[in-house]
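Remarks on the structure that follows.
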Amino acid sequence: MLVLATSRAPTNVAIVLPGLTDSTLAATSRFELRGLANIPVDLFNSSGLVGSSVLRVSSQQSDSAGCVAWPAGELVGGAPPGWRVALEKGRASGLRLDSIAAPNSVGSDSSAIVAYVLKAALSLTTASDSSFRGIPFTVRQGYRFETPALSVLIAEAVRKINEEANPREEHILFLAERTRNLPEYRIVFHKRSAGAEESLETSEILAALHLTASNHLAVVITFDYEDGGKIGLLERVSADSWQVVWKSAYTGC
């Protein structure tokens, strides 16, 4: 189980059920959630662990408006503003994500890291798509987090063709890491999406975690489309290897 903050109030949540696929979620009219009553949860965002609360299920019905949605819940006892994702208490510890756009977050390395992100994004483009050739990338989002052994950089770069009749975008999401004894980052995961706005997949980086059971690092990210999206877990499965080990079912209209 994974819990997401909604856009209403800090205590309103969506309860993500990992076992459901696109088709089974869309066909579900009532959720069986008896086992999720009064579960203690830890709350995370880009700052790491930001609080704890208790989950209460408030709706087991599907969305009456016809859109596909997760069951709703609320956090009893309040929640700090700005939290993004929650897990059952003790399942993970949080890691601070420092924005590369803020020099006070990553220090004097800020300009060098931004330059690296732009260079890396260009190296990950495909030669078969010449329509974006010559157009520079900009950094849409980028963060660095660190452990005693690793420095990890996750970023998304974008470039755009601003033609009124046919506007297009190219997005490169990638993750690079370096061990403390090496001077340079190595790209260990990347994903490209390009096309018109209605066909694009973009992402938002919600939190970085250290998973208790597996002892793995992970990043919680969204996969967003024009009318909805999914949430996923990008996990360090071995040295120099990160994979999207899980994606939720699609929610939206």
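Just so it is clear, none of the values below were taken in a lab; they were calculated from the coordinates. All values derive from a computational prediction rather than experimental measurement. In this analysis, Cβ positions are derived from the backbone assuming ideal geometry, glycine residues included, and neighbour counts consider all displayed protein chains.
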TODO: Residue by residue through region 194-253, note down the ones that are touching a Cys at 6+ places or on another chain (Cβ under 7 Å) and in a strand (DSSP E or B).
DONE: Gly228, Gly252
Task: Matching entry among Ile231, Ile221, Ile187, Ile205 (being in contact with a helix residue (DSSP H, G or I) (Cβ under 8 Å, 6 or more places away or on another chain) and under 16 Å from Ile154 (Cβ atoms)) - done: Ile187
- [ ] State all residues of region 29-46 that are within 20 Å of Gly78 (Cβ to Cβ) and buried (at least 16 other Cβ atoms within 10 Å of the Cβ); if no residue qualifies, say none.
- [x] Leu36, Ile39, Val41, Asp42, Leu43, Phe44, Asn45
- [ ] Scan region 136-145 residue by residue and report those that are over 28 Å from Arg180 (Cβ atoms) and polar (S, T, N, Q).
- [x] Thr138
- [ ] Keeping to region 190-235, report how many residues are free of Cβ contacts under 8 Å to residues at least 60 places away in the same chain, farther than 25 Å from Asp22 by Cα and buried (at least 18 other Cβ atoms within 10 Å of the Cβ).
- [x] 0
Task: Top-ranked residue of region 119-143 - restricted to ones that are aliphatic (A, V, I, L, M) and under 15 Å from Arg192 (Cβ atoms), ranked as surrounded by the fewest Cβ atoms within 10 Å (Cβ to Cβ) - done: Ala127
Task: Some residue of region 206-222 being within 28 Å of Ala27 (Cα to Cα), under 15 Å from the mean Cα position of the chain (by Cα) and not aliphatic (A, V, I, L, M) - done: yes
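Yes/no per residue for (1) of a type in the set (Gly, Ala, Ser); (2) part of a helix (DSSP H, G or I); (3) closer than 22 Å to Asn181 by Cα; (4) out of contact with any Lys or Arg (no Cβ under 8 Å at 6 or more places or on another chain):
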site: Ser110; (1), (2), (3), (4): yes, yes, yes, yes
site: Ile113; (1), (2), (3), (4): no, yes, yes, no
site: Lys119; (1), (2), (3), (4): no, yes, no, yes
site: Leu122; (1), (2), (3), (4): no, yes, no, yes
site: Ala127; (1), (2), (3), (4): yes, no, no, yes
site: Ser131; (1), (2), (3), (4): yes, yes, no, no
site: Gly134; (1), (2), (3), (4): yes, no, no, yes
site: Leu153; (1), (2), (3), (4): no, no, yes, no
site: Val158; (1), (2), (3), (4): no, no, no, no
